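**Q** Before anything else, here's the structure in question.
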Amino acid sequence: MMLQIHNTTKKEIPEQLLEKAVLLVLENEGFTVESIVGVYCGNKMIQRINREFLGHDYPTDTITFRYNKGAEIDGEFYISLDVVKENAARFSVDFQQELLRVTLHSALHLIGYGDQSAEERRLIEEKEAFYLTRSGAATL
């Protein structure tokens, strides 16, 4: 089992809390880690990834890639700290709470939850709220 968190920015993030949040989601949903890399970056990097792999030329909060099927997760996710900061201000929430929410969202994507339809968005948002209350959001 290997879960790695990488921060490519100068902004400090609570890496241990974020790692625990990813593991909480996986364990509670019946998954384990084969190899997961979480990269916390800026808009420049995530926009390049979004353009190259998804054909969208703009920054986004998170992009996830799953490389296998089954209960052991092999994948990676990228989270733009710039977009997280913008969204925290937009939704009037603390930066770290929004960072935790997006990390949980990324973990949910890795295990197969989508957000393309209204029903998928409703379900993934319910899961985010469930895990936010269990992952230390109250202590942020």
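**Q** Of (1) more than 13 Å from the chain's Cα centre (by Cα); (2) farther than 21 Å from Ser135 by Cβ, Thr60 satisfies all except one. Which?
**A** The number of the failed condition is (1).
**Q** Evaluate the following for Glu12: is it at negative phi, open to solvent by 50 Å² or more (accessible area, probe 1.4 Å) and without any contact (Cβ under 8 Å) to a residue 60 or more places away in the chain?
**A** When the stated conditions are applied, Glu12 passes them.
**Q** I would also like to ask the following. Of the residues Phe91, Phe77, Phe53, only one is over 14 Å from the mean Cα position of the chain (by Cα), of a type outside the set (Ser, Thr, Tyr) and within 21 Å of Ser135 (Cα to Cα); which?
**A** After ruling out the rest, the residue left standing is Phe91.
**Q** Only residues in the range 107-133 that are closer than 18 Å to Leu23 by Cβ count as the first member; pair them with residues that are open to solvent by 30 Å² or more (accessible area, probe 1.4 Å) and polar (S, T, N, Q), Cβ under 7 angstrom, at least 6 apart or cross-chain, and list the lot.
**A** Qualifying pairs under 7 Å: His109/Thr64; Leu110/Thr64.
**Q** Can you list the helices (runs of 4 or more DSSP H) lying wholly within the range 3-100 that have 2 or more residues being among the acidic types (Asp, Glu)?
**A** Per the criteria, 15-28, 81-90.
**Q** Okay, next question. Would you be able to say whether some residue in the range 42-49 is touching a Gly at 6+ places or on another chain (Cβ under 8 Å), in contact (Cβ under 8 Å) with a residue 24 or more places away in the chain and either farther than 19 Å from Leu3 by Cβ or surrounded by 15 or more Cβ atoms within 10 Å (Cβ to Cβ) (or both)?
**A** no
**Q** Looking at Val39, Val22, which one is under 18 Å from Val83 (Cα atoms) and under 17 Å from the mean Cα position of the chain (by Cα)?
**A** Sole residue among the options that is under 18 Å from Val83 (Cα atoms) and under 17 Å from the mean Cα position of the chain (by Cα): Val39.
**Q** Of all residues in the range 115-140 being in a loop (DSSP other than H, G, I, E, B) and either open to solvent by 40 Å² or more (accessible area, probe 1.4 Å) or among the β-branched types (Val, Ile, Thr) (or both), which is nearest to Leu26 (Cα to Cα)? Walk me through how you get there before you give the answer.
**A** As a first pass, look at the range 115-140 and keep what is in a loop (DSSP other than H, G, I, E, B): 115-117, 135-136, 140.
Then keep just the ones that are either open to solvent by 40 Å² or more (accessible area, probe 1.4 Å) or among the β-branched types (Val, Ile, Thr) (or both); that gives 115-117, 140.
Numbers: Asp115: 18, Gln116: 21, Ser117: 23, Leu140: 21 Å.
Among those that are in a loop (DSSP other than H, G, I, E, B) and either open to solvent by 40 Å² or more (accessible area, probe 1.4 Å) or among the β-branched types (Val, Ile, Thr) (or both), it is Asp115.
**Q** Hey, another quick one. Determine the pairs where a residue that is surrounded by fewer than 18 Cβ atoms within 10 Å (Cβ to Cβ), located within the range 53-78, has a partner that is modelled with pLDDT of 95 or more and in a loop (DSSP other than H, G, I, E, B) with Cβ atoms under 6 Å apart, the partner being 6 or more residues away or on another chain.
**A** Here the result reads Ala71/Phe31; Asp74/Tyr67; Asp74/Asn68, each pair linking the range 53-78 to a residue that is modelled with pLDDT of 95 or more and in a loop (DSSP other than H, G, I, E, B).
**Q** Within the range 16-41, track down each residue that is open to solvent by 20 Å² or more (accessible area, probe 1.4 Å) and in contact with a His (Cβ under 9 Å, 6 or more places away or on another chain).
**A** If the condition is that a residue be open to solvent by 20 Å² or more (accessible area, probe 1.4 Å) and in contact with a His (Cβ under 9 Å, 6 or more places away or on another chain), then Val37 is the only one that fits.
Listed here are the residues, each with its yes/no results for (1) out of contact with any helix residue (DSSP H, G or I) (no Cβ under 6 Å at 6 or more places or on another chain); (2) β-branched (Val, Ile, Thr).
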| site | (1), (2) |
| --- | --- |
| Lys69 | yes, no |
| Glu72 | yes, no |
| Ser80 | no, no |
| Val84 | no, yes |
| Gln96 | yes, no |
| Gly114 | no, no |
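**Q** Which condition number in (1) small (Gly, Ala, Ser); (2) open to solvent by 40 Å² or more (accessible area, probe 1.4 Å); (3) assigned to a helix (DSSP H, G or I) is the one that Gly112 fails?
**A** Unmet condition: (3).
**Q** Out of curiosity, is Ile46 touching a Pro at 6+ places or on another chain (Cβ under 6 Å) and aliphatic (A, V, I, L, M)?
**A** Working: touching a Pro at 6+ places or on another chain (Cβ under 6 Å): yes; aliphatic (A, V, I, L, M): yes.
Yes, satisfied.
The values are calculated or read from the model by the stated rules, or taken from the named source; none is laboratory data. Everything numeric here is computed off the predicted structure, so don't read it as measured data. In this analysis, Cβ positions are derived from the backbone assuming ideal geometry, glycine residues included, and neighbour counts consider all displayed protein chains. Quick note on the areas: whole protein, heavy atoms, side chains included, nothing else; ligands and nucleic acids left out. Shrake-Rupley method; radii C 1.70, N 1.55, O 1.52, S 1.80 Å.
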